[in-house]
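Undergrad: Have a look at this one before I ask anything.
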Amino acid sequence: MPVTHIHRWKAPALAVSALLVGLTMPTAIASPASATTTSYDTTYYKNAVGKTGASLKSSLHTIISSQSKISYSAVWDALKVTDQDPNNSSNVILLYSGVSRAKALNGGSTGDWNREHVWAKSHGDFGEVTGPGTDLHHLRPADVQVNSVRGNKDFDDGGSAVSGGGGSLTDSDSFEPRDADKGDVARMILYMAVRYDGGDGFADLEPNEKVGNGSNPYIGRLSVLKQWNDEDPPSAFEEKRNQVIYDTYQHNRNPFIDHPEWVDAIW
């Protein structure tokens, strides 16, 4: 069943003109996502609709934890479907760079694409194990070299341009995706934080306000991820990807793609 979205996104607040000499121009702040409606609200999400805070998070955890799982080797073929270029069925769209690249160029060499764990697998030390290590809701194809630059860095604003990164930036302890992928990254990270709460033998994954989290089961910065969610609403590509994962592979959904306003309702 296709998702029917009614998005009512608010425009980002405009910076106010300085009226006095020496008055600092305020920074534009993204408005929170407004409510959305989907065809799953009376079925899949029926036990979550209307809730907020810890109650909403708990309900969503229960809902999305019912899923099918695939092996890490099967992820290669799955990504060729979930991330297929809508304009070229022989290619996939790469995260961070936005490049369309041949599906056949999956591997580990320069010019190839590989499997990027958006929630870095070292943050919680889950590796490539079936479960968080193979969850398609945070695995995306990415250019091998750009993926290497991202490494296991936390997410934050700022840094220098990443070569071949489509406008992505990086510094010593953080990575900033290109604008078109910022919301995608935020919603993938927050999906992982709700799905994996420590109750199924894996680490309790949580967003925080730090960078340089290392092997701890945390990724930051939460305030930046929330802003990215508001600034970059779900695209048709992201929504279709969510649907394919639900219909064909895991049979669970990323609730923050269907209801991006639930990010602010929880955090």
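The values are calculated or read from the model by the stated rules, or taken from the named source; none is laboratory data. Predicted model, so just to flag it, every value in this text is computed and none were measured. Methodologically, a virtual Cβ is constructed for each residue, glycine included, from the backbone with ideal geometry; neighbour enumeration extends over all protein chains shown. Ligands, DNA and RNA are stripped out before the accessible areas are found, and what is left, the full protein with its side chains, is counted by its heavy atoms. Shrake-Rupley method; radii C 1.70, N 1.55, O 1.52, S 1.80 Å.
Undergrad: Please specify each residue of segment 245-261 satisfying the condition of being part of a helix (DSSP H, G or I) and open to solvent by 20 Å² or more (accessible area, probe 1.4 Å).
TA: Tyr246, Asp247, Thr248, Tyr249
Undergrad: Which of the following residues is open to solvent by 10 Å² or more (accessible area, probe 1.4 Å), touching a Gly at 6+ places or on another chain (Cβ under 6 Å) and part of a loop (DSSP other than H, G, I, E, B): Lys121, Lys69?
TA: Of the residues listed, the single one that is open to solvent by 10 Å² or more (accessible area, probe 1.4 Å), touching a Gly at 6+ places or on another chain (Cβ under 6 Å) and part of a loop (DSSP other than H, G, I, E, B) is Lys121.
Undergrad: If Gly158 passes every condition in (1) part of a loop (DSSP other than H, G, I, E, B); (2) surrounded by fewer than 24 Cβ atoms within 10 Å (Cβ to Cβ); (3) at negative phi but one, which one does it miss?
TA: Here Gly158 meets the rest and fails (3).
Undergrad: Tally time: how many residues in segment 165-179 are surrounded by 15 or more Cβ atoms within 10 Å (Cβ to Cβ) and over 20 Å from Asn208 (Cα atoms)?
TA: Counting residues in segment 165-179 that are surrounded by 15 or more Cβ atoms within 10 Å (Cβ to Cβ) and over 20 Å from Asn208 (Cα atoms) gives 6.
Undergrad: Can you tell me which residue is most open to solvent (accessible area, probe 1.4 Å) among those in segment 227-244 that are touching a helix residue (DSSP H, G or I) at 6+ places or on another chain (Cβ under 6 Å) and among the hydrophobic types (A, V, I, L, M, F, W, C)?
TA: Looking at the filtered set, the residue picked out is Val244.
Undergrad: Could you please let me know if Lys46 is open to solvent by 80 Å² or more (accessible area, probe 1.4 Å), of a type in the set (Lys, Arg) and at pLDDT below 60?
TA: No: the conditions fail for Lys46.
Undergrad: Can we say Asn91 is within 20 Å of the chain's Cα centre (by Cα) and part of a strand (DSSP E or B)?
TA: It is false that Asn91 is within 20 Å of the chain's Cα centre (by Cα) and part of a strand (DSSP E or B).
Undergrad: Kindly indicate whether any position in segment 215-231 is at pLDDT 95 or above, in a loop (DSSP other than H, G, I, E, B), under 22 Å from Asp156 (Cβ atoms) and not polar (S, T, N, Q).
TA: So far as segment 215-231 goes, yes, one or more of its residues are at pLDDT 95 or above, in a loop (DSSP other than H, G, I, E, B), under 22 Å from Asp156 (Cβ atoms) and not polar (S, T, N, Q).
Undergrad: Taking segment 189-219 on its own, how many of its residues are open to solvent by less than 10 Å² (accessible area, probe 1.4 Å) and either of a type in the set (Ser, Thr, Tyr) or in contact with a Phe, Trp or Tyr (Cβ under 7 Å, 6 or more places away or on another chain) (or both)?
TA: Here the count works out to 7.
Undergrad: Let me ask another. Would you point out the residue of segment 94-117, among those that are part of a loop (DSSP other than H, G, I, E, B) and either out of contact with any Phe, Trp or Tyr (no Cβ under 9 Å at 6 or more places or on another chain) or of a type in the set (Lys, Arg) (or both), that is most open to solvent (accessible area, probe 1.4 Å)?
TA: My answer is Thr110.
Undergrad: In the set Ser71, Ser55, Ser66, which member is modelled with pLDDT of 95 or more and touching a Ser or Thr at 6+ places or on another chain (Cβ under 9 Å)?
TA: Ser71
Undergrad: Out of Ser148, Ser174, Ser160, I need the residue that is in contact (Cβ under 8 Å) with a residue 24 or more places away in the chain and among the polar types (S, T, N, Q). Which one?
TA: On inspection, the qualifying residue turns out to be Ser174.
Undergrad: Follow-up question, since we're still on this one. Within segment 23-41, can one find any residue that is modelled with pLDDT under 95, under 24 Å from Glu261 (Cα atoms), open to solvent by 80 Å² or more (accessible area, probe 1.4 Å) and within 21 Å of the chain's Cα centre (by Cα)?
TA: Looking through segment 23-41, at least one residue is modelled with pLDDT under 95, under 24 Å from Glu261 (Cα atoms), open to solvent by 80 Å² or more (accessible area, probe 1.4 Å) and within 21 Å of the chain's Cα centre (by Cα).
Undergrad: If Val81 satisfies all but one of (1) without any contact (Cβ under 8 Å) to a residue 12 or more places away in the chain; (2) assigned to a helix (DSSP H, G or I), what's the number of the condition it fails?
TA: (1)
Undergrad: Restricting attention to segment 84-100, which residues are farther than 20 Å from Gly133 by Cβ, touching a residue at least 60 places away in the same chain (Cβ under 8 Å) and of a type in the set (A, V, I, L, M)?
TA: Ile93, Val99
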